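Trainee: Input: one structure, supplied below.
Bear in mind these aren't lab numbers, they're just calculated from the coordinates by the rules spelled out. Nothing here was measured: the structure is a model prediction, and the numbers come from that model. Cβ: placed from backbone, ideal geometry, glycine included. Neighbour counts: every protein chain shown.
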């Protein structure tokens with residue numbers, strides 16, 4: 001079993017999901033009392049958000065590099081950034097580390113490609129929806145990405161930081177997400193990416209008619225595949 005390093009706290013709510021899903025997957029594969037060997041470095045999300053809101057991605061990068069080096073020196077063989085947004089600087093962080101970063105957009109693109117879909121809707125923070133790091137990765141697999149309207153993007157972004165990242169999940173917010181997803185389906189989306197690790201805590205695959213790509217689940221599966229080649 002290879003030791004996994006997780007950079008979490010972004011948010012702590014979804015980091016709990018990472019820990020649970022990785023260990024559940026390991027136990028399903030191996031049975032008994034088997035669980036994952038992993039180390040979690042939990043960051044302060046408020047610092048990350050302040051840097052990102054100010055456009056100071058270099059400061060975010062250096063926080064991630066410092067955490068990654070701690071995990072690397074502790075024996076981790078691969079690194080997971082436990083948030084979609086952080087992958088905006090994944091390449092810059094990777095350049096300063098020896099161990100590989102398992103990229104959440106890459107594993108999601110592989111899953112979508114495997115289902116033969118060519119156009120999907122992307123939900124997440126405004127950074128994830130508007131920047132190129134996720135959409136460009138999908139484009140390399142021949143997948144077109146749709147994003148919600150500007151008003152809907154702002155609603156999703158605000159809900160992530162004001163509600164979901166604090167463990168708050170309301171029926172009103174869920175109904176708004178489902179309405180946005182319905183509009184994306186009408187615009188031609190063949191599937192929906194939950195491109196924020198808190199969104200699957202609000203929306204379940206059974207809530208929508210389209211294929212639902214839970215990036216947390218896909219990322220955790222890739223981590224276990226790495227740990228047990």
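Trainee: Taking only the C-alpha atoms, wrap a convex hull around the range 1-91 and report its volume per residue in Å³ as a whole number.
Mentor: Values: hull volume 8.2 nm³, N = 91.
Dividing the Cα hull volume of the range 1-91 by its residues yields 91 Å³.
Trainee: Measuring from centroid to centroid over Cα atoms, what is the spacing of the range 28-48 and the range 85-143 in Å?
Mentor: Distance between centres, Cα-based: 21 Å.
Trainee: Moving on to the next point. Beyond 24 Å, how much of the Cα-Cα pair distribution for the range 105-214 remains, as a whole percent? Let's see the in-between values first.
Mentor: Numbers: 953 of 5995 pairs.
So the portion of pairs separated by more than 24 Å is 16 percent.
Trainee: Now for a separate question. Which ordering of 152, 214 is given by a fewest-first count of other beta-carbon atoms within 10 Å? Could you put the intermediate results ahead of the total?
Mentor: Working: 152 19, 214 24.
Going from least to most buried by this count: 152, 214.
Trainee: Can you give the Kirkwood hydrodynamic radius of the chain from its Cα pairs, in Å with one decimal?
Mentor: Radius from the Kirkwood sum: 17.8 Å.
Trainee: I've got another one for you. Would you list 157, 88, 70 from fewest to most Cβ contacts within 10 Å?
Mentor: Ascending number of Cβ neighbours within 10 Å: 70, 157, 88.
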